[in-house]
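The values are calculated or read from the model by the stated rules, or taken from the named source; none is laboratory data. Computed from a predicted structure; not experimentally measured. Backbone-built Cβ (ideal geometry, glycine too); neighbour counts: all protein chains shown. Just so you know, the surface numbers come from the protein's heavy atoms only, side chains and all, with ligands and any DNA or RNA stripped out. Shrake-Rupley method; radii C 1.70, N 1.55, O 1.52, S 1.80 Å.
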Amino acid sequence: MKNEVGKCLIFASHFVIMDSVSTCLVNNKIRFMRIDGSTKTDVRAKNVEAFQNDPNMRCAVLSIRACSAGLTLTAASTVIFTELD
């Protein structure tokens, strides 16, 4: 991911998976945003705006349940579902 062009969405159902993915991204110095059930509405909007418009924001880690409606993340070129219910 570090050397690739484009942006990636990573969806997960469980916090432990989201935490592991987030840790991996931090360790590899990849800028990302995260939206889960605890993310407040105003922070969600800021995160989405940053993902859409900041070329250095490479990845979005998203809860399947928290991001199931209303988000437009068209900047992504890759979508990964890490787990399904």
- Note on the structure: Here the residues within the stretch 47-80 that are within 15 Å of Ile17 (Cα to Cα) and either at pLDDT below 90 or over 13 Å from the mean Cα position of the chain (by Cα) (or both) are Ile64, Arg65, Ala66
- Item | Scan of the stretch 27-50 for residues that are open to solvent by 90 Å² or more (accessible area, probe 1.4 Å), of a type outside the set (Asp, Glu) and outside any loop (DSSP other than H, G, I, E, B), ordered by number | Asn27, Thr41, Lys46
- Message: Being in contact with a strand residue (DSSP E or B) (Cβ under 6 Å, 6 or more places away or on another chain) and either surrounded by 11 or more Cβ atoms within 10 Å (Cβ to Cβ) or not aliphatic (A, V, I, L, M) (or both): is that true of Thr23 here?
- Response: no
- Item | Failed condition for Met1, given (1) at pLDDT below 90; (2) within 11 Å of the chain's Cα centre (by Cα) | (2)
- Note on the structure: The number of residues in the stretch 21-44 that are of a type in the set (Ser, Thr, Tyr) and either touching a Lys or Arg at 6+ places or on another chain (Cβ under 9 Å) or under 17 Å from Val79 (Cα atoms) (or both) is 1
- Please go through the stretch 9-46 and pick out each residue that is over 17 Å from Met57 (Cα atoms), modelled with pLDDT under 95 and charged (D, E, K, R). Asp36, Lys40, Asp42
